[in-house]
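Q: Before I ask anything, let me first share the structure, which is written out below as structure tokens.
The values are calculated or read from the model by the stated rules, or taken from the named source; none is laboratory data. Source: prediction; values computed, not measured. So basically every Cβ, Gly included, is an ideal-geometry build from the backbone, and we count neighbours across all protein chains shown. Just the protein is used for accessible areas: all its heavy atoms, side chains included, with ligands, DNA and RNA removed. Shrake-Rupley method; radii C 1.70, N 1.55, O 1.52, S 1.80 Å.
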Amino acid sequence: GGVKVLGQVNLLPKVRQQKIRHAIVAIGDNRSRQSYLKALRDHDFTLINAIHPMAYVSAAATVGLGVVVCAGGVIGAEARIADGVIVNTSAVVDHECVVGECVHLAPGALLAGRVRVEMGAFVGLGARVIQCLSGGEWAMVGAGATVIRDVAANVTVVGTPARVMVKS
């Protein structure tokens with residue numbers, strides 16, 4: 001079969017009638033991706049993964065459904081990747097990391113070993129998270145940040161070392 005690109009969830013029943021059964025969502029916005037994944041599941045689509053041939057995924061890693069791993073992306077041994085995750089170009093998820101549903105790791109983001117990133121979090125371009133830390137649900141790590149402490153849910157951290165961004 002061919003590839004279909006959809007713009008609206010309301011088209012899913014029509015697409016399903018065309019005997020299309022497999023789908024993936026690669027929208028960069030985490031909340032939108034989560035919403036589309038739910039709609040696909042609700043319409044009995046099977047979620048597939050898109051793993052670039054120049055990516056590396058350890059045989060000892062666990063990867064969910066609807067996952068995108070771009071060129072140069074690395075998923076290390078014993079890492080656990082939930083559904084709907086994007087591991088963008090040259091992003092690294094090192095050994096024993098746990099990456100929650102609909103997380104987006106931007107190009108060049110690096111998670112050292114045993115990092116936990118909760119649902120919907122975003123780790124920006126070239127950001128680094130040192131080993132054994134956690135990032136809460138829907139947290140955001142700014143581009144180039146170096147995370148040396150746990151990041152709470154629903155906050156944005158920026159800089160090196162990363163600090164909570166205070167809105168003025």
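Q: In nanometres, what is the gap between the two model label sites at Gln8 and Arg163, each 7 Å from Cα along Cα-to-Cβ?
A: Result: 4.7 nm between the two label points.
Q: Can you give me the long-range amide H partners of Met140? Hydrogens built in the peptide plane at 1.01 Å from N, cutoff under 5 Å, separation of 5 or more residues or another chain.
A: Long-range HN contacts for Met140: Phe122, Val155, Thr156, Val157.
Q: Calculate how steeply helix 30-42 sits against the longest principal axis of the alpha-carbon atoms of the chain, using the helix alpha-carbon long axis, and give the answer as 0 to 90 degrees to the nearest 10.
A: That helix lies at roughly 30 degrees to the long axis.
Q: Per residue, how much accessible area does region 12-168 have with a 1.4 Å probe, in Å²?
A: 49
Q: Around Val147, which amide H atoms from residues at least 5 apart in sequence, or from another chain, sit under 5 Å from its own amide H, with H modelled in the peptide plane?
A: Residues meeting the amide H criterion: Arg128, Val129, Ile130, Ala162.
Q: Can you match Kirkwood radius over Cα pairs in Å to one of these, [x] 16.1; [y] 17.8; [z] 16.8, based on a calculation from the structure here?
A: [x]
Q: Any chance you could run the full-extension gain for Ile20 through Thr146? It's 0.36 nm times the residue separation minus the Cα-Cα distance, nm to one decimal.
A: Once the chain is fully extended between Ile20 and Thr146, it gains 41.1 nm.
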